[in-house]
Amino acid sequence: MTTLQFNQILPSQKMPVLAKAYAADIPNRAKAFCYPFKAAKNAGVYFFPPLDFEFKLTDQQFLLRAKTTDGEYKTVTITESCGNGENHFILLSDIAPSQSEKCLKTYRARVNKDSEVPDFIDVDNFGFYEILINVLVEEAPFGVFIQLWLGGVVTTNPGTPLWFKQATNIQMDPGYQCLDAIVDVSHWQGWLAIVLKPTRKDEWVSVDANQPVCQAVGYPGAIEQLQNIPMAQVTDKLFSAPLHWHVYDCDYGMKPGKYQRTIKKAR
């Protein structure tokens, strides 16, 4: 029996749900007669965004914005002059400064217990787990992508990779496509993020933190159980794993990529 365990790192992150337990509106004909439709909809686990946000794609620019706690907007604007591969972030501190301060205080207390923090990390000033959205611009004709953190660390049974994909059959036209990815989380120890590709132009598209943004299914084994661990109960090892993976490792950015190197070594 395959169990997916979600270890919450962002305390406000909505926990994932088993797809079969999620109440979604589907066409009456499918509900009554189409078992294949329902089987696809009910497979695996649905994940949620860490925040509400909106984006708009035109021929001239890409705009992404999230409302702050004071009612204003944090906006990212990308034009044709933005170079490929540049990063454009929305941070927790951009939209909820007081929540960010509270989280950082908690994070730093946990990080300070880690004897392996490298000397180049200033724990009291480093922005741990602050990046919620990272907008990427790729070479033509691919354009803009939205990388979205899902607010936690995932584990499964050894040898059970996860297939991340569009949330099947519950949002027929959300205005974006979640790109497919197969991740062996026993080897991938980093932040769990997905990538969205805008599919509409010249209109604002809203992404709701209470609506599934993607679906994860076992590959090939089915996920039959879900265990959600709130941030206060996450082990220090799992809390720190993405920091060791991304931040503490000076060789992280070496080609062809740390995950690919890890997979090749395992094989």
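Brief remarks on what is shown
- Exactly one residue among 56, 74, 113 is basic (Lys, Arg), touching an Asp or Glu at 6+ places or on another chain (Cβ under 7 Å) and assigned to a loop (DSSP other than H, G, I, E, B), and that residue is 113.
- Test: residue in the range 162-172 that is over 30 Å from residue 201 (Cα atoms), modelled with pLDDT under 95, not in a helix (DSSP H, G or I) and not β-branched (Val, Ile, Thr): no
Residue-by-condition table, conditions (1) open to solvent by 20 Å² or more (accessible area, probe 1.4 Å); (2) under 22 Å from residue 75 (Cα atoms):
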position	(1), (2)
110	yes, no
119	yes, no
125	yes, no
135	no, yes
140	yes, no
160	no, no
169	yes, no
180	yes, no
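- Some residue of the range 179-187 being part of a loop (DSSP other than H, G, I, E, B), within 27 Å of residue 29 (Cβ to Cβ) and polar (S, T, N, Q): no
A quick yes/no check of all residues on (1) surrounded by 14 or more Cβ atoms within 10 Å (Cβ to Cβ); (2) more than 16 Å from residue 214 (Cα to Cα); (3) of a type in the set (A, V, I, L, M, F, W, C):
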{"residue": "1", "(1), (2), (3)": "no, yes, yes"}
{"residue": "18", "(1), (2), (3)": "yes, no, yes"}
{"residue": "22", "(1), (2), (3)": "yes, no, no"}
{"residue": "30", "(1), (2), (3)": "yes, yes, yes"}
{"residue": "40", "(1), (2), (3)": "yes, no, yes"}
{"residue": "48", "(1), (2), (3)": "yes, no, yes"}
{"residue": "56", "(1), (2), (3)": "yes, yes, no"}
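- Some residue of the range 79-86 being buried (at least 17 other Cβ atoms within 10 Å of the Cβ) and either basic (Lys, Arg) or within 25 Å of residue 190 (Cα to Cα) (or both): no
- Subset of the range 216-267 [hydroxyl-bearing (Ser, Thr, Tyr) and either open to solvent by less than 50 Å² (accessible area, probe 1.4 Å) or touching a strand residue (DSSP E or B) at 6+ places or on another chain (Cβ under 9 Å) (or both)]: 219, 235, 240, 248, 259, 262
The values are calculated or read from the model by the stated rules, or taken from the named source; none is laboratory data. Just so it is clear, the model here is predicted, and its values are computed rather than measured. Reconstructed Cβ throughout: ideal geometry from the backbone, glycine too, with neighbour counts over all protein chains shown. Please note that ligands, DNA and RNA were not included when accessible areas were found on the heavy atoms of the full protein model with its side chains. Shrake-Rupley method; radii C 1.70, N 1.55, O 1.52, S 1.80 Å.
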